[in-house]
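Nothing in this text is a laboratory measurement; each read-out follows from the coordinates by a stated rule. Computed from a prediction, not measured in an experiment: that's the story for all the values here. Backbone-built Cβ (ideal geometry, glycine too); neighbour counts: all protein chains shown.
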Amino acid sequence: MKPCFVYGAQATAHGIAKALEREGRKVAGYVVTDMAGNPSCLEDKRVIPVSRLPEAKIYVAVPEYLHREIAGILEEWGRRDYICVDSELEYRLMKSYYQGERGLGFLPEESVALTEGKAPRRGLLRIYVAKSLHDKPLQGPVFFPAGCVTVQAGTALGAAMATDFHDNEGENISDRNGCYDELTVTYWAWKNSKAAVKGIAHYRRCLMITAAEREALLEGSLDVLLPLPFLCWPDSSMQYGRYNTSKAVEAMLEALSMLYGSSEREGAVQVLSGDIIYNYNMLIARQEAFDAYCGWMFPVLEQVERLCATEIKAEQHSRICGHLGELLLTIYMLTHGRKLRIAHGKKKWFY
């Protein structure tokens, strides 16, 4: 079997390369449009520009909205032996990798699938889809799973949209959306929703919950459904640091220590020295687990706001709390999550 290359040089590409190698493919390296802003290597593999790409099979592992553009670039260079890694293929490859290499939890559908004559568990499941005045138009169809309702994020900062709910209703932090991003919707759901199962999604990405996963959450045999994590290199803190100020992480660690003690800080440092991150601030969880996670996270972010007030005012770092939320979700699920029954579901992007 001839070697292949992975198009991309960020976390998605790194994960796909590791998954392909686990399936027996030899990955010779990574390819990018040009080297500006990209590393010269990822782990032990070189990163090369498309102009130097030899004849090889290519797996395009970049966000789906870039697939058409990258396909055009490859064809301009006479490269037609490529596969665009969409949500379905990414999930299959990474599920196989995480099950085999990491032992991550996945729900065995046959163990809880609805059978003939068995009534579905009753209870309210609500997935709150964050929408914003700043959302980019989507080109294709959008199919959210049953139970999804829309919530406008940052309603207090602009005109109200035609959504099911607005994050400035009830107890809220809507006016801090510039710093918190979709987490103002998470806060709103924490304080105002009494649904038995609560989830957070985005206008262009969602966890596509199955009937089996829904049943498990409602009956209590599953506590949390998460998207597959990103596989980072060299570690989680470096992946975060590519786009954010290091002072934010330092402030987060200080806040953890201040609020919960040195052992909480030590646990966070250990997680950040690992190689996975749960991106996007997305999850679906039983009310008790959802509220406990929020009750732990938001006091930390409030402390970070105080410690990083100057950085938050700077445009390039204004979304500090939203970005840190991804790290805190990771830290919480990899430390406190030992007491929870966690499974990983399929993430879907819309463009």
Total charge dipole magnitude, segment 109-349, about the Cα centre, Cβ charges on Lys, Arg, Asp, Glu only, Debye to nearest 20: 460 debye
Likely footprinting exposure, Ser132, Ser221, fewest C-beta neighbours within 10 Å first: Ser221, Ser132
Derived scalar couplings ³J(HN,Hα) [segment 125-138; Karplus, 6.51 cos²θ - 1.76 cosθ + 1.60; whole Hz; x for Gly, Pro]: 10, 10, 10, 8, 8, 6, 10, 8, 4, 9, 4, 7, x, 9
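Order 54-63, 155-164 from most to least packed using the mean count of other Cβ atoms within 10 Å.
Ranked from most to least packed, the peptides come out as 54-63, 155-164.
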Part-to-part distance (alpha-carbon centres) for segment 311-338 and segment 252-303, which is given in Å: 8 Å
FRET E, pair Glu266, Gln99, Förster distance 35 Å, beta-carbon r, rounded to 0.05: 0.75
Mean separation of Cα contacts under 8 Å (6+ apart) over length of segment 4-102, as relative contact order %: 30 percent
Relative exposure of Trp77, Trp188, Trp233, Trp296, judged by other C-beta atoms within 10 Å (fewest first): Trp77, Trp296, Trp233, Trp188
Distribution of pairwise C-alpha distances over segment 4-102, 10 Å bins, in %: 16, 53, 28, 3
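Percent relative contact order of the chain, based on C-alpha pairs within less than 8 angstrom and at least six residues apart? Present the calculation step by step, with values, prior to reporting the outcome.
Details: 617 pairs, mean separation 64.9, N = 351.
Relative contact order for the chain comes out at 18 percent.
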Amide hydrogen neighbours beyond the local backbone of Val60, cut-off 5 Å, H modeled: Tyr7, Ile83, Cys84, Val85
Estimated [θ] at 222 nm from DSSP helical runs (n ≥ 4, -39500 (n - 2.57)) normalised by residues in the chain, nearest 500: -11500 deg cm²/dmol
Stretchable slack from Lys136 to Thr310, in nm (0.36 nm times residue separation minus alpha-carbon distance): 59.8 nm
Computed over the chain, Cα set: Rg, Dmax in Å: 20.7, 60
Crossing angle, helix 87-97 versus the chain [Cα axis fit, 0-90 degrees, rounded to tens]: 90 degrees
Per-residue Cβ neighbour rank within 10 angstrom, fewest leading, Met208, Met94: Met208, Met94
Cβ-derived FRET efficiency at R0 45 Å, Met258 paired with Met161, nearest 0.05: 0.75
Inter-part distance where segment 150-193 and segment 25-96 are each reduced to a Cα centre, Å: 37 Å
Net charge of neighbours whose Cβ lies under 14 Å from the Cβ of Ser237, counting Lys and Arg as +1 and Asp and Glu as -1: -1
Selection from Val85, Leu125, Val249, by position along the positive dipole direction of the chain (Cβ): Val85
For segment 211-338, alpha-carbon Rg relative to the globular expectation (2.2 N^0.38 Å, N residues): 1.08
